[in-house]
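To start, the structure itself, in structure tokens.
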Amino acid sequence: MNREIRKILIRHWIDLGHLSFRSVNGRVWIRGELHRIAGVQEELTPSLVDTIFSEMRRLRGIVSMNIELNNWIQSQGGWKPMESEDRTAPLISPDQTKGPRVHDIGPG
């Protein structure tokens, strides 16, 4: 499963140096930042990020995906880049518990 996830990321020119991912018994954890590899001119778009994760969800054996990204956030059913000022802001608000933003994406 890890190899198939890696193939999807590479096919979309994602820099693997900014991400860590693992899978255990159909559960996938992805952490870090989504960036294109150096030299790729095309920017990541919300629809492309959604496509990447949709392709992963369609992999045989995927039960759930836990995605923690520092530079993208899931909002209103889609992905959007975090503004530059958001990246330096704390990942919690006073009414939230401490910890990173976590997006648990179940099957399809």
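The values are calculated or read from the model by the stated rules, or taken from the named source; none is laboratory data. Nothing here was measured: the structure is a model prediction, and the numbers come from that model. Reconstructed Cβ throughout: ideal geometry from the backbone, glycine too, with neighbour counts over all protein chains shown.
Here is how the numbers come out for the structure above:
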| quantity | calculated |
| --- | --- |
| Criterion violated by Arg22 - all others in (1) at pLDDT 95 or above; (2) touching a strand residue (DSSP E or B) at 6+ places or on another chain (Cβ under 7 Å) satisfied | (1) |
| Yes/no for Glu68 being farther than 24 Å from Met1 by Cα and of a type outside the set (Gly, Ala, Ser) | no |
